[in-house]
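The values are calculated or read from the model by the stated rules, or taken from the named source; none is laboratory data. Note that this is a predicted model, so its numbers are computed, not measured. We place every Cβ from the backbone using ideal geometry, glycine too, and count neighbours over all the protein chains shown.
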Amino acid sequence: MTDKFDKYLEEEEHFLKDKKKSRKERKLKTSKDRSKYKKTDLQKQKKLSPAKKKEKNHLDKALVLSILGEESLVSFNKKEYKATLRGILKKEKTKNKNILAVGDIVNISFKNEKEASIESIDKRYSILSRLEEKTKKQSIIAVNIDQVLITTSVVKPNLKPFLIDRYLIACIKGKMKPVIIINKIDLLKQNKKEEEKYNNFLKTYEELGYLILSISCTKKIGLDTLLNVMKGKTSVFSGQSGTGKTTLINSVLHTKFKTGKLIKKTYKGAHVTTKSQLIELKTGGFCVDTPGIKGFGIWDLEIEDLKNHFFEFESFAKNCKFEDCKHIDEPSCKVKEAANKNKISFLRFEAYRCLIKEILEKKRNFFK
Ligand SMILES: Nc1nc2c(ncn2[C@@H]2O[C@H](COP(=O)(O)OP(=O)(O)OP(=O)(O)O)[C@@H](O)[C@H]2O)c(=O)[nH]1
Ligand SMILES: [Mg+2]
Ligand SMILES: [Zn+2]
């Protein structure tokens with residue numbers, strides 16, 4: 001490659017000296033192999049003096065606050081800049097749907113007082129992502145996160161334990177601590193069936209060691225505990241639309257971000273928050289508000305991930321007849337037996353069965 005660049009520079013100098021040569025001639029010469037002479041940023045830099053080069057190579061580290069289509073908002077020295085990805089980064093082919101995410105630390109050069117260019121992205125210490133069904137790509141929700149505040153509500157919308165299991169697996173894979181938030185507990189007493197479901201969920205998941213915060217923004221229950229959990233950390237609120245992610249943020253940080261009413265008949269959220277954004281806490285730390293999700297496909301889900309997540313199955317699984325028992329319909333399956341005898345929560349067993357079937361189905365399609 002270097003040889004090519006040197007050759008190009010020689011050509012360039014030659015052209016500058018030989019201005020008298022007709023344009024036509026020059027065109028003919030360069031058209032032999034245009035790809036060889038294509039200007040890139042690298043080539044341009046070659047022409048700079050060493051001092052200029054050093055100046056140009058100086059980059060500052062900024063934090064990505066939000067993504068607005070092609071542009072992103074980054075923070076440097078307490079000032080915000082609109083930033084665009086450098087062309088070469090945009091062309092990078094990856095298994096990811098998005099190259100940049102909220103929480104990224106980026107190296108920027110400044111275009112002017114308000115705009116910057118993102119030259120590179122630093123390595124991330126954690127990633128919350130999900131599978132985008134349409135493109136089968138990894139959709140990155142937020143990065144460099146300490147904990148995911150998996151936001152659910154008891155009713156309106158109803159509690160969905162299986163969805164929580166999906167988030168919990170994504171947390172292990174993405175290297176973040178999970179915290180389960182059950183919001184709207186003020187609505188519990190109106191609904192006996194949902195109350196039973198909530199109590200069952202609480203008992204099962206607390207026994208397994210998960211941190212669960214029961215909250216009501218309306219009645220101001222559990223908000224101090226939530227703020228304490230958030231202090232000094234970077235947390236991301238993620239969950240279905242309408243569970244109250246933005247209301248929770250407004251309640252603990254006294255902000256006024258837009259919240260929305262539920263859709264009347266379905267009690268689902270109306271997807272009010274449309275972009276993720278990083279918010280700084282006065283008490284230290286950050287939190288990210290995200291748009292509500294419809295479903296949560298786990299990116300790159302493997303059988304090993306299920307073994308890690310459904311860790312309470314292990315003591316039974318080791319006595320299954322087959323060493324590679326998937327605990328579906330195999331004979332003498334001790335996990336299934338344990339679930340039937342309520343030694344394993346049926347909730348967890350059913351969540352496992354859905355996920356294992358999903359993996360096996362994916363594998364079958366792959367070999368078709
Ligand atoms: N009863 C009750 N309603 C609540 C509570 N918290 C939030 N809500 C209501 O739930 C609705 C949805 O709240 P949002 O904060 O917009 O929900 P969101 O999760 O941010 O939704 P998206 O931005 O669409 O993902 C609003 O009408 C809130 O007033 C609560 O503790 N109790
Ligand atoms: Mg919202
Ligand atoms: Zn088994």
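How about segment 301-345: which of its residues are closer than 22 Å to residue 167 by Cα and surrounded by fewer than 17 Cβ atoms within 10 Å (Cβ to Cβ)?
302, 303, 304, 307, 308, 311, 314
Mind checking which helices (runs of 4 or more DSSP H) fall wholly inside segment 179-297 and carry at least 2 residues that are more than 12 Å from ligand 1 (Cβ to nearest atom) and aromatic (Phe, Trp, Tyr)?
192-207
Restrict the check to segment 265-278 and report whether at least one residue is touching a residue at least 40 places away in the same chain (Cβ under 8 Å), among the basic types (Lys, Arg), at negative phi and more than 8 Å from ligand 2 (Cβ to nearest atom).
yes
Check off (1) in contact (Cβ under 8 Å) with a residue 60 or more places away in the chain; (2) among the hydrophobic types (A, V, I, L, M, F, W, C); (3) away from ligand 2 (no atom under 14 Å from the Cβ) for residue 281 and give me the number that stays unchecked.
Looking at each condition in turn, residue 281 falls short on (1).
Out of the residues in segment 214-243 meeting the condition of being away from ligand 2 (no atom under 12 Å from the Cβ) and among the small types (Gly, Ala, Ser), tell me which one is nearest to residue 279 (Cα to Cα).
In this case the residue turns out to be 235.
Please determine whether any residue of segment 117-126 is over 19 Å from residue 276 (Cβ atoms) and surrounded by 14 or more Cβ atoms within 10 Å (Cβ to Cβ).
yes
Among the strands (runs of 3 or more DSSP E) confined wholly to segment 62-133, which include 3 or more residues that are among the aliphatic types (A, V, I, L, M) and within 14 Å of the chain's Cα centre (by Cα)?
It comes to 127-132.
Please go through segment 350-368 and pick out each residue that is more than 27 Å from the chain's Cα centre (by Cα) and either charged (D, E, K, R) or modelled with pLDDT of 95 or more (or both).
364, 368
Yes or no: residue 84 within 28 Å of residue 358 (Cβ to Cβ) and either of a type in the set (S, T, N, Q) or modelled with pLDDT of 95 or more (or both)?
Spelling it out, it is not the case that residue 84 is within 28 Å of residue 358 (Cβ to Cβ) and either of a type in the set (S, T, N, Q) or modelled with pLDDT of 95 or more (or both).
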